[in-house]
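Here the structure comes first, spelled out in structure tokens, and everything after it is commentary.
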Amino acid sequence: MSSIKTNIILNGLNTITGIVFPVITFPYAARVLLPEGIGTVNFLNSIILYIILFSTLGIPAYAVREVAKHRDNKSLRDKFVVEILSLSLMLCMCAYVAVFLMARFIPQIHSNQTLFYILSLSIFFTSIGSEWFYQGIEDFKFITIRAIAIRTLAALSLFAFVRSSSDLIAYGFVMVGTTVGNYIANFIHLRKYISVKDIEFKDLQIISHLRPALKIFALYLITSLYLLLNSVMLGFISGDEAVGFFTAGNKISNICLTLITSLGTVLLPRCSHLIKSGDMESFSSVINKSLNLTMTLALPITVGLMLLAGPITMIFCGPEFSESIPVLYISAPIIVFISLTNLMGIQILYPMDKVKLLIIGASGGAIMNICLNIILMPPLGAKGAAIATFAAELSILVIQIVLGRLYYPFKISELIKWKVITATTVMGIAIYLSQTFPMSDLGRLIIGFSVGITVYGVTLWILKDQMLFEIIDLIKSKKISGH
């Protein structure tokens, strides 16, 4: 079993390439397809993601935990994988009934049904993709190599085939291609781990996994209800262009958020394994390190995005997306909220099987989000959706902290990292001052980023921040140690 440091580095590399890919491709796509084109694709894709949500029924998250628990028992693990794949394919067939009905009877979808069908390819390949298996056994080396190769091919395809605002079909194929390529590779690679020759198919208990998966599905349904519903509601209320503005602003903050929340992907199987084995001391140690790293990254990224929202949006998306600037400004603090929610929920409460608490928190956020969307979207459009999302994520965090302390006691003061707050404050002042001089958007971004990261790092070094020195030691060692 790989060490946590190994997995964090590998998943970090995967995450970084996942950040680089949209940083390179989205600015190109945004300038070619313009807000309306980007909005059309993301409106339809949000609906497809809803269908995937219902067709997976929480199985991926459930499967990660169960594979992690049984990874030392190959026969039980093989049987479980075959059962989950069989169940996923059964649900997939039901999902395509919904796809065809929507394409036939909903006008906004029917007018773009070819693109809708192309995007729906991800439904089938998600059902056989088995990403949950590789996360459960912590094979992050394969995940990383595969993802880098597929992203590179997708980027080359985008530049080769998407040349004008009418190339929505080609852009749809590129979007789906990333998912399809990854999951085809996953399915083929399963032969290295899974053997079906000793499995008695008459003994398979396919339906038995529905009930435990449905508990997790309730959580994912409620969470996705408002995350995906933003684009869907915005499309129906304000049109595709508003979806484009909202997508662009959120795309930027989500790229940064991916770097931090990827820790949950790495640590979920490890935390599940430690809890099952009763090693709560090691579990607490993992959580403390995760909290320190999360806050060390989340706070400066949030402040940096808020102060540089203008030049980032202009360079990343182009002047046509100027209305995305306030969306990014409002969305940036969500990075801190979701990072802490991810820590409390995915790394602590979920491995402890406290799914009901997560459902309560997500329900509060969903209600908040939907109500504010109805009130704010008509007059404010994309900005209204951003405000509603901000309020929803904050409410989820508060609920999870209050309820989570009942099962994993901690002091609220432990969430406050004064050295990180101090360094972030100094960094924010430095970035603000650097932006007072007249220069181009590119110059403002380069100067702001350079000043920010330098001042933040130096301030942490002066304050002798332990996490900074651990990161430096890891880089200097140039090798991956064990536990």
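Among the residues of the range 27-42, is there at least one that is more than 14 Å from S165 (Cα to Cα) and crowded, with 23+ Cβ neighbours inside 10 Å? Scanning the range 27-42 turns up at least one residue that is more than 14 Å from S165 (Cα to Cα) and crowded, with 23+ Cβ neighbours inside 10 Å. Of all the criteria given as (1) closer than 26 Å to Y350 by Cα; (2) in contact (Cβ under 8 Å) with a residue 60 or more places away in the chain; (3) open to solvent by less than 40 Å² (accessible area, probe 1.4 Å), the one not satisfied by I207 is (3). Determine whether F159 is more than 19 Å from the chain's Cα centre (by Cα), farther than 20 Å from M93 by Cβ and either free of Cβ contacts under 8 Å to residues at least 12 places away in the same chain or assigned to a helix (DSSP H, G or I) (or both). Yes. When E323 is tested against (1) within 30 Å of G443 (Cβ to Cβ); (2) of a type outside the set (A, V, I, L, M, F, W, C); (3) outside any helix (DSSP H, G or I), exactly one condition is not met: (3). Of all residues in the range 179-202, which are within 25 Å of Q113 (Cβ to Cβ) and free of Cβ contacts under 8 Å to residues at least 40 places away in the same chain? G181, the sole residue that qualifies.
Of all residues in the range 294-320, those that are outside any helix (DSSP H, G or I) and buried (at least 20 other Cβ atoms within 10 Å of the Cβ) total 1.
This table checks each residue for (1) among the hydrophobic types (A, V, I, L, M, F, W, C); (2) open to solvent by less than 20 Å² (accessible area, probe 1.4 Å); (3) modelled with pLDDT under 85.
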| position | (1), (2), (3) |
| --- | --- |
| P409 | no, no, yes |
| I421 | yes, no, no |
| T425 | no, no, no |
| L433 | yes, no, no |
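Among residues of the range 377-405 that are closer than 18 Å to I348 by Cα and free of Cβ contacts under 8 Å to residues at least 40 places away in the same chain, those with a Cβ under 6 angstrom from a residue that is assigned to a helix (DSSP H, G or I) and open to solvent by 10 Å² or more (accessible area, probe 1.4 Å), sequence gap 6+ or separate chain, pair up as I399/G364. Candidates are the residues of the range 104-127 that are among the hydrophobic types (A, V, I, L, M, F, W, C) and free of Cβ contacts under 8 Å to residues at least 12 places away in the same chain; the one that is surrounded by the most Cβ atoms within 10 Å (Cβ to Cβ) is I106.
Does the range 160-170 contain at least one residue that is open to solvent by less than 30 Å² (accessible area, probe 1.4 Å), of a type outside the set (G, A, S) and closer than 28 Å to H189 by Cα? No - not one qualifying residue is present in the range 160-170.
Would you confirm whether any residue within the range 74-88 is assigned to a loop (DSSP other than H, G, I, E, B) and open to solvent by less than 20 Å² (accessible area, probe 1.4 Å)? No, there is no match, as no residue in the range 74-88 is assigned to a loop (DSSP other than H, G, I, E, B) and open to solvent by less than 20 Å² (accessible area, probe 1.4 Å).
Answer yes or no as to whether L91 is open to solvent by 20 Å² or more (accessible area, probe 1.4 Å) and within 26 Å of V196 (Cα to Cα). Spelling it out, L91 is indeed open to solvent by 20 Å² or more (accessible area, probe 1.4 Å) and within 26 Å of V196 (Cα to Cα). Could you check, for the range 182-197, whether at least one of its residues is of a type in the set (G, A, S), within 29 Å of K79 (Cβ to Cβ), open to solvent by 10 Å² or more (accessible area, probe 1.4 Å) and in a loop (DSSP other than H, G, I, E, B)? Yes. Contact annotation: no residue pair with Cβ atoms under 9 Å, 6 or more positions apart or on different chains, pairs a residue in the range 68-91 that is not assigned by the TED database to the domain that holds G129 with a partner that is modelled with pLDDT of 85 or more and in a helix (DSSP H, G or I).
The values are calculated or read from the model by the stated rules, or taken from the named source; none is laboratory data. Predicted model only: the values in this text are computed from it and were never measured. Counting neighbours? That spans all protein chains shown, and the Cβs are built from the backbone with ideal geometry, glycine included. All accessible areas refer to the heavy atoms of the entire protein, side chains included, with ligands and DNA or RNA removed. Shrake-Rupley method; radii C 1.70, N 1.55, O 1.52, S 1.80 Å.
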